[in-house]
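Just so it is clear, none of the values below were taken in a lab; they were calculated from the coordinates. The structure displayed is predicted, hence computed values, not measured ones. Ideal geometry is used to build each Cβ from the backbone, glycine not excepted, and the neighbour counts take in all protein chains shown.
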Ligand SMILES: Nc1ncnc2c1ncn2[C@@H]1O[C@H](COP(=O)(O)OP(=O)(O)OP(=O)(O)O)[C@@H](O)[C@H]1O
Ligand SMILES: [Mg+2]
């Protein structure tokens, strides 16, 4: 990493709670750290889900808890030189903190479970991200990500159609519903068993889409 290296900023806002924001962030952060990336999570949710996960793991992810929205931008700016990836976890409601997190992001992954209320929240968050993109200099790439999806659930296609009808984009590969994603909050670290396989597949799809800068830089270095 060079001195002027700038971290990729990834947030996972959703105005609806309990959609899998913190689980996705901890999983991605853990996987990237395992692959050698320098990873920081800025946990802005008073529930401190990410901070509590981090305290139980030794995978090398740094977590900073921040409850003052005015300090988010300066903190990101300061940390940006020292990390490859900075995740920002936000509480599940519309807030100034979530707005700042979106405005600072390079990539916005909007989690949604495969239910109508969750998709409604995801679409409204998508529109929020687009509005911020119009008014700010930095335009994040943004996608809805399906989380906790049961392979047999028929609702999923209905939800996908509703999202497409609104002009929002989603990633084809979901984070499948696996018990390991629940257990990881108790033991810290990466999820185990079939949840780890689901996570590997999800990260693979992000890599193929070129969405994670750390892997793009790694590939470019290997090729040249
Ligand atoms: N892929 C998954 N498979 C199984 N369970 C999951 C998955 N993703 C999330 N969960 C479970 O769903 C619940 C909510 O997840 P999580 O706390 O990550 O959501 P959140 O959006 O961060 O919630 P909040 O709005 O309260 O911050 C947790 O019990 C978590 O273990
Ligand atoms: Mg959370």
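Within the stretch 172-212, which residues are in contact (Cβ under 8 Å) with a residue 60 or more places away in the chain, surrounded by fewer than 18 Cβ atoms within 10 Å (Cβ to Cβ) and within 14 Å of residue 107 (Cβ to Cβ)?
Correct list: empty.
Examine the stretch 172-181 for a residue that is farther than 25 Å from residue 125 by Cα and in a helix (DSSP H, G or I), and state whether such a residue exists.
yes
Condition test on residue 123, is it in a helix (DSSP H, G or I) and crowded, with 18+ Cβ neighbours inside 10 Å?
Answer is yes for this residue.
Looking at this structure, is residue 31 within 12 Å of ligand 2 (Cβ to nearest atom) and within 18 Å of residue 188 (Cα to Cα)?
no
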